[in-house]
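This report concerns only the one structure given below.
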C-alpha cells in the first residue's frame, strides 16, 4: 500500500492512498468463495458453483462492498502508519476505481493539534470564603414566605406588590395583534411578569377602572415581530389583592417538606441546603478560574469540524430547552461559536492532561455522582440500574468525574488566595 500526505492547512491533511489490485482481487475471490458455500443457483448444488459463475452473478455487488471496506480499513492502516490523529472522519475523493487497476483515493481530514501543556503550576486563584449565618437563614425563610402568600381582596388603589387582575387588549397602529389579548390575568405589580411600562401603569388604579397604557417592546424582545414596536393596551381592572404572608408555623413547615420537628427542623434543613449551595458556588468559581487560566496559557488552532459539531450540539440543547418542535425553530449558530470553541479547547486540554499525568477515573466518585443524579427520582435504584446499563451514559458520568479530578489536580498546584465575603454577596441573594 502506498501512502502520501500533504498539509493543506494548519490542521487539514490530504492523504492519498493506493491499494494494490492484487489485494482487491484476493478479497473479492475470498468473498465469492464464501458466498458460493451457500448460494442457490439453478443447475448447481450449494458449494459446487464454479467461481466464474459466481463472479457473473455476484461480482459487481461484492466488488462494491470490497472497495468500500478497503477504503475504510486502508484509511485506518494509513493513519496508523503515518502517525496521524484525525479530529473527525475523512472526506473521501475517489481517484481511480477502475476494475483491474489499483484502487486510489484521497482522504481529506483535520488532525488534532499537538499540545504542549503550559502554565500548570502556580495559577493565581481567588477562593471566596463565606459562611451561612442565622441572619441569612432568616432572610431565606422570609423569601419562602413571599413565595406563597395568601391574596386578600382590598377596596383601595393598587400599590407595588399588589396583585391586580385585569382584562386587556393590545393594539399596534390601532389594530389588535396576536397574543395581545388577555382576560382575568393576575399581575403582581413590580414582579417583572409583564413589561415595566405595563406594570408601572397598574400602580394607583382602582377596581372597575378602565385605562390605556402606552408600552414599547424592547428591541431584543423574544417575539421578533413585536421587537421595537409601540403598543396601546386598553385595560379594565377586575380586582385588587394584597399579599398576606403565611406564619412560620407547623403548617408552613409541612408545606416545605418538614413533617416533623417544626420550625427548628425547617431552619436546619434550610441552612443545610444553603451551605450546600454555597459550597457548590465556591467550587464553580474555583473551577472557572483554573480552566480560564488553562485556556489562556494554551492557545491553539482548533479543528473546524470539532467546533461545528459542538455548535450543532449547543443549538440542539438550546432548542430542546425552548421546547422547539422542528428544525425551523433551532436558534442561529453565531451565538454558539465562542462557547463551542471553549468547549473544544478545554476538552482537548483536559484529555491531554489526563493522558500525560495518567489520571485514572475515581470509581468511588463516579458512584457518588450517580447517586446524586438519581436522588431526585421517584425510584432512585431503578434509575441507577438504568444508568449502569447504558455505556454512553456511564461514559458521560466518568468524563464529568475526570474533569473534576483534573480541576483538583490543578488546584493542588495553584496559588490560592482566600477572599472573605458573605453568603448574600456571593449568591446575589436578597438584592
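The values are calculated or read from the model by the stated rules, or taken from the named source; none is laboratory data. All figures in this text were calculated on a predicted structure; none of them were measured in a lab. Note: ideal-geometry Cβ built from the backbone for every residue, glycine included; neighbour counts use all protein chains shown.
Set side by side, the residues 248, 307 differ, and just one is within 30 Å of residue 88 (Cα to Cα) and either part of a helix (DSSP H, G or I) or in contact (Cβ under 8 Å) with a residue 40 or more places away in the chain (or both), which is 307. Take residue 354 and decide whether it is more than 22 Å from the chain's Cα centre (by Cα) and under 30 Å from residue 114 (Cα atoms). Yes; evaluated as a whole, the condition is true for this residue. All conditions in (1) closer than 30 Å to residue 316 by Cβ; (2) at pLDDT 95 or above hold for residue 412, with the sole exception of (1).
Residue 296 meets each of the listed conditions (1) part of a helix (DSSP H, G or I); (2) loosely packed, with under 15 Cβ neighbours inside 10 Å; (3) without any contact (Cβ under 8 Å) to a residue 60 or more places away in the chain apart from (3). Please indicate, with yes or no, whether at least one residue in the stretch 28-44 is loosely packed, with under 15 Cβ neighbours inside 10 Å and closer than 30 Å to residue 300 by Cα. Within the stretch 28-44, not a single residue is loosely packed, with under 15 Cβ neighbours inside 10 Å and closer than 30 Å to residue 300 by Cα. Among the strands (runs of 3 or more DSSP E) confined to the stretch 107-203, the ones with at least 1 residues that are within 34 Å of the chain's Cα centre (by Cα), modelled with pLDDT of 95 or more and closer than 30 Å to residue 353 by Cα are located at 124-129. The residues in the stretch 286-329 that are modelled with pLDDT under 90 and over 14 Å from the mean Cα position of the chain (by Cα) can be counted, and the count is 7.
Tell me, please, whether a residue that is out of contact with any helix residue (DSSP H, G or I) (no Cβ under 9 Å at 6 or more places or on another chain) and not in a helix (DSSP H, G or I) can be found in the stretch 63-74. Looking through the stretch 63-74, none of the residues is out of contact with any helix residue (DSSP H, G or I) (no Cβ under 9 Å at 6 or more places or on another chain) and not in a helix (DSSP H, G or I). Among the residues of this structure, residue 227 counts as one that is assigned to a loop (DSSP other than H, G, I, E, B) and within 30 Å of residue 331 (Cα to Cα). State all residues of the stretch 1-35 that are part of a helix (DSSP H, G or I), out of contact with any strand residue (DSSP E or B) (no Cβ under 8 Å at 6 or more places or on another chain) and touching a residue at least 24 places away in the same chain (Cβ under 8 Å); if no residue qualifies, say none. Of everything in the stretch 1-35, those that are part of a helix (DSSP H, G or I), out of contact with any strand residue (DSSP E or B) (no Cβ under 8 Å at 6 or more places or on another chain) and touching a residue at least 24 places away in the same chain (Cβ under 8 Å) turn out to be 23, 27, 28, 31, 32, 35.
Under the condition of being in a loop (DSSP other than H, G, I, E, B), free of Cβ contacts under 8 Å to residues at least 40 places away in the same chain and closer than 30 Å to residue 132 by Cα, the residues counted in the stretch 379-430 number 1.
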